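Everything on this sheet refers to the single structure shown next.
None of the figures in this text is laboratory data; all of them are computed from the coordinates on show. Predicted model, so just to flag it, every value in this text is computed and none were measured. Note: ideal-geometry Cβ built from the backbone for every residue, glycine included; neighbour counts use all protein chains shown.
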Amino acid sequence: MSDILTLEGVDKTYDTGFNALSNINLSIRRGEIFALLGPNGAGKTTLIGIICGIVNATAGRIVVDSHDTQNDFRQARKQIGLVPQELSINIFDSVWNTVHFSRGLFGCPPDDAYLEQLLKNLSLWEKKDSRIMALSGGMKRRVLIAKALAHQPTILFLDEPTAGVDVELRREMWAMIRRLRGEGVTIILTTHYIEEAEDMADRIGVINKGKLMLVEDKHALMRELGRKSLTVLLSKPITQLPTELMRDDLQLADDGASLIYHYSTAETDSGVSELLAQLQSAGIHYQDLQTRQSSLEEIFVSLVEEKA
Ligand SMILES: Nc1ncnc2c1ncn2[C@@H]1O[C@H](COP(=O)(O)OP(=O)(O)OP(=O)(O)O)[C@@H](O)[C@H]1O
Ligand SMILES: [Mg+2]
């Protein structure tokens, strides 16, 4: 897959002297869903703002589909749709005018059939003549998405698209994002909902304190950093582990009723069968086994804590 967006050595120091981003190098592949994960204040919105020309970078180079944002800004910006984190529309305007006007802003010829379909896809067609101020919060968010897509961009940024959105709308938005990807739109989203990244993204970038700490294929990330635990529920509680079973990766639960064994999903041999054989020869019987895979959330938290 070719790259649709590249950032080289992007740096941002705000006027306050605060260094919000340092030396960001990142390539986004055409047609992927890329999730940028990071705690509050990590620099996600700043990074998106720089790519979209809302914030000036202190240093670095950004190329959007072969257009340099420095000397070819209009063409670069035309490729991008942005759903901002904050509501940023004229609430006195109607839904239809909002999308119509936005399309015109990017110099696209009118295409009412496209805009009609767009509003229908977002369940906004019935509200096309309503003023934004008369819409619910979820509808307003959908208008932001419609506005971002009005000029048929090839890259869509969604900055915290589902923060404060109810479960049903969130699911609808995920479906819509997948549909857009199916149509060839490259999606970059920031989110605090790890399960969102886990569910949707092809690749994940972790940003913390202005530094891009990791960019990785989602499955590889979960495989490499993923941990599994096996809980062995004992037939009869024991008071302590026999010495031959004392090892770092095995613990006896406080109530003595189960053993917890930790192993890495990256190892070819999990060591599970060996452990079970050892239990048998030690005369420890069990009635049930449960395995659990660490979630992206645990991986993320450990990464941010480790390197912070
Ligand atoms: N205009 C500004 N002037 C000075 N500092 C700023 C400005 N905008 C953002 N910052 C600082 O830059 C850092 C990154 O902010 P940013 O909004 O990019 O974070 P974020 O990752 O989007 O956070 P959140 O998850 O809360 O949206 C923060 O410490 C913030 O206070
Ligand atoms: Mg933000």
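Considering the dipole of the chain built from charges on the beta carbon (Lys and Arg +1, Asp and Glu -1) around the Cα centre, which of His219, Pro84, Thr268 is farthest to its positive end?
Final value for the positive-end residue is Pro84.
By DSSP, what percent of the beta bridges with both residues in the chain are antiparallel, rounded to the nearest 5? Provide the component values of the computation, followed by the final result.
Working: 38 of 56 bridges.
Antiparallel bridges: around 70 percent, rounded to the nearest 5.
Multiply the residue separation of Asp3 and Ser235 by 0.36 nm, subtract the distance between their alpha-carbon atoms, and state the gained length in nm to one decimal. Intermediate results must be reported in sequence, preceding the final value.
Working: separation 232, 0.36 × 232 = 83.52 nm, distance 5.58 nm.
Net length gain for the segment: 77.9 nm.
Subtract the Cα-Cα distance of Asp254 and Asp129 from 0.36 nm times their separation in residues, and report this length gain in nm to one decimal.
Numbers: separation 125, 0.36 × 125 = 45.00 nm, distance 6.32 nm.
So the extension gain works out to 38.7 nm.
So for the pair Asn40, Glu267, with labels modelled 7 Å out along Cα→Cβ, what separation do we get in nm?
Rounded to a tenth, the inter-label distance reads 3.9 nm.
Tally Lys and Arg at +1 and Asp and Glu at -1 over the other residues with C-beta under 12 Å from the C-beta of Asp68: what net charge comes out?
Once all neighbours under 12 Å are counted, the net charge is 0.
Determine the shape class of the stretch 66-118: with a ≥ b ≥ c the square roots of the Cα gyration tensor eigenvalues, call it rounded for a/c under 1.5, and otherwise prolate if a/b is greater than b/c, oblate otherwise. Before the final figure, lay out each step's value.
Details: a/c = 2.45, a/b = 1.47, b/c = 1.67.
Taking the square roots of the gyration eigenvalues as a ≥ b ≥ c, the stretch 66-118 is oblate.
Show me 279-288, 39-48, 55-64, 142-151 ranked by packing, highest mean number of other Cβ atoms within 10 Å first. Present the calculation step by step, with values, prior to reporting the outcome.
Details: 279-288: 12.6, 39-48: 19.7, 55-64: 17.3, 142-151: 23.2.
In decreasing order of mean packing, 279-288, 39-48, 55-64, 142-151 become 142-151, 39-48, 55-64, 279-288.
Roughly what angle does helix 137-149 make with the longest principal axis of the chain, taking Cα atoms, 0 to 90 degrees, to the nearest 10?
70
Under a point spin-label approximation (7 Å from Cα along Cα-to-Cβ), what is the Val301-Arg30 distance to one decimal in nm?
Using points 7 Å along Cα→Cβ, the separation is 4.1 nm.
Near Met173, within a Cβ-to-Cβ distance under 9 Å, what is the net charge of the other residues, with Lys and Arg +1 and Asp and Glu -1? It would help to have the intermediate numbers written out before the result.
Details: positive: Arg141, Arg142, Arg170, Arg171; negative: Glu172.
Net charge around Met173: +3.
Where the only charges are on Cβ atoms (+1 Lys, Arg; -1 Asp, Glu), what is the dipole of the stretch 3-222 about its Cα centre, to the nearest 20 debye? Please report the intermediate quantities before stating the final value.
Details: 26 positive and 28 negative charges, 50 e Å.
With Lys and Arg at +1 and Asp and Glu at -1, about 240 debye.
Remind me, relative contact order of the stretch 1-65 in percent, using alpha carbon pairs under 8 angstrom and six or more residues apart?
On the way: 103 pairs, mean separation 29.1, N = 65.
Answer for the stretch 1-65 is 45 percent.
Rounding to the nearest 10 and keeping the result within 0 to 90°, find how far the Cα-based axis of helix 112-121 lies from the longest principal axis of the chain.
It works out to around 30 degrees.
Search the structure for amide H atoms under 5 Å from the amide H of Thr13, placed 1.01 Å from N in the peptide plane, and list their residues when 5 or more places away or on another chain.
Hits under the 5 Å cutoff: Ala20, Thr58.
Got the relative contact order for the chain handy, in percent, Cα pairs under 8 Å and 6 or more residues apart?
Here the relative contact order equals 19 percent.
Can you tally the net charge around Gly43? Count Lys and Arg as +1, Asp and Glu as -1, for every other residue whose Cβ sits under 9 Å from the Cβ of Gly43.
+4
Would you mind calculating the gained length between Arg171 and Phe73 on full extension (0.36 nm times residue separation, minus the Cα-Cα distance), in nm to one decimal? Walk me through the numbers before you get to the answer.
Details: separation 98, 0.36 × 98 = 35.28 nm, distance 3.42 nm.
Stretched out fully, the Arg171 to Phe73 stretch lengthens by 31.9 nm.
Per-residue HN-Hα couplings for the stretch 81-98, Karplus 6.51 cos²θ - 1.76 cosθ + 1.60 at θ = phi - 60°, whole Hz, x for Gly and Pro?
Once θ is set to phi - 60°, the couplings for the stretch 81-98 become x, 10, 9, x, 5, 9, 5, 9, 10, 6, 6, 8, 7, 7, 4, 4, 4, 4 Hz.
What is the distance, in nm, between label points placed 7 Å from the Cα along the Cα-to-Cβ direction at Asn121 and at Arg179?
Those two pseudo-labels are separated by 0.7 nm.
Remind me, relative contact order of the stretch 48-165 in percent, using alpha carbon pairs under 8 angstrom and six or more residues apart? Before the final figure, lay out the partial values.
Working: 147 pairs, mean separation 41.6, N = 118.
Relative CO of the stretch 48-165 lands at 35 percent.
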